[in-house]
């Protein structure tokens, strides 16, 4: 079953447009301001990472899900750091597609378990050797509550779900998210999850 057919079965979703190139994706995002944009990393025109960054600029509320065959860690990290908040492989179970879209639309982020496990392994290896690009783990500057929120963010949880899990008001969760993003010097939830993984804060 193709992507279009999977989406057609979802009563709470509407496929508003399809693009065939990077520039077209940017133009459609700016015009239509979709809740979620799904894109491949292989584009006939333009750099996929530049497209992700530009879509974030022209339509900040649009959540970007990478839907690709590229399963190596560098592709995943680059996409998340560029501004994507989800990464799904094309050989994933069909049920994960609508789940991922709903998760992103609700303000969460989503990585498949196998990809998350790879990042955790890579983070563990990185910590055993020198890493000139990263500062020492700022775990001491994050409170226990902020670390708990960060771990749930890395699992793709929305603020509402985090509040339910930690018995906090959603407004309080938002304050913790803002605080930990500031302490980690990141701009969004996906980047916070990536930095947390690389610094070993999620293990």
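The values are calculated or read from the model by the stated rules, or taken from the named source; none is laboratory data. Keep in mind that this is a model prediction, so the values were computed, not measured. Note that we place each Cβ from the backbone using ideal geometry, even for glycine, and neighbour counts take in every protein chain shown.
Residue-level analysis places residue 19 among those that are over 16 Å from residue 116 (Cβ atoms) and either at pLDDT below 85 or in contact with a helix residue (DSSP H, G or I) (Cβ under 6 Å, 6 or more places away or on another chain) (or both). The sole residue among 66, 16 that is out of contact with any strand residue (DSSP E or B) (no Cβ under 8 Å at 6 or more places or on another chain) and closer than 21 Å to residue 107 by Cβ is 16. Residues in segment 106-146 that are part of a helix (DSSP H, G or I), surrounded by fewer than 16 Cβ atoms within 10 Å (Cβ to Cβ) and modelled with pLDDT of 85 or more: 144, 145. For segment 22-52, residues that are touching a helix residue (DSSP H, G or I) at 6+ places or on another chain (Cβ under 6 Å) and either loosely packed, with under 14 Cβ neighbours inside 10 Å or not assigned by TED's automatic domain parsing to the domain that holds residue 90 (or both) total 1. A single member of 97, 52, 101, 64 is within 15 Å of the chain's Cα centre (by Cα) and not in a helix (DSSP H, G or I), and it is 64.
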